1. If R0 is 25 Å, what FRET efficiency do you get for ASP93 and SER50 from their C-beta distance, rounded to 0.05?
2. Using the structure shown, select from LYS15/LYS66; LYS66/LYS106; LYS30/LYS66 the pairs with a Cα to Cα distance greater than 23 angstrom.
3. Sort VAL103, VAL74 by Cβ crowding within 10 Å, fewest neighbours at the top.
4. At 0.36 nm per residue, minus the direct Cα-Cα distance, what do CYS22 and ALA111 gain on full extension? Give it in nm, one decimal, please.
5. Under a plain spin-label model, where a point goes 7 Å from the Cα along Cα-to-Cβ, how far apart in nm are THR29 and ASN157?
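Every number in this text was worked out from the coordinates using simple rules, so none of it is lab data. All of these numbers come straight from a predicted model, not from anything done at the bench. In this analysis, Cβ positions are derived from the backbone assuming ideal geometry, glycine residues included, and neighbour counts consider all displayed protein chains.
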Amino acid sequence: MKTRIVRGKCHFRLKMQSYADCYYIKRVTKLEAVLARKPAVLHLEMIGTSEIPADFALLLRSVLLKRSPNTRLVTNARSSLDGGSVLIWLLGDHRLIRDDARVFFKRNPLADMEQVEVYAGLGDAPTKYKDSYSSLDPEDADYERVLQLIDEFLPVNEYAGRVISVGLLREFGLVNNERVDKFLATSFSKSERTIPAT
């Protein structure tokens, strides 16, 4: 007799690793497959000491934003967060973080430069940068976008380059353990049920 699982919770681990493009590409594909099943709760566990590169953070964000409106995202930082990892953690409907963990994001590397213009292919725009070895690095432009998105939750100009404690995150209302604990107890205490397939 075949059975199917009633839509429930889903655990997804994301290891923050250096020099791991292949790993992130595979995890993005896996995350899309998990979200296609439209779980009621996606519990995204983040662990590791490296930061998620800016481009992959933006890619993961785009995938998470496309999830079903009925899928609640719980982000659980089991390690300290750095750079693009901070953005992914902030996307959670409910956020957990280890009590002694820290959050850090560096200053905008393009802050002292002229505004970066994204060429849309319209008209004859003068070339600002001669080649790929010019002073503008596309990764820096991606990181600037990551900081703009983090700024929706935390004032980037004030906290960039500073180590942020969990206490400060609570002051901003980004972590509220009591309310989240009740939500998780309710969500995860229900065992997955199976029903006969039709």
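1. On the way: r = 25 Å, r/R0 = 1.01.
My answer for the efficiency is 0.50.
2. Listed pairs above 23 Å: LYS66/LYS106.
3. By the 10 Å Cβ count, ascending: VAL74, VAL103.
4. Taking CYS22 through ALA111 to full extension adds about 29.0 nm, to one decimal.
5. 4.3 nm
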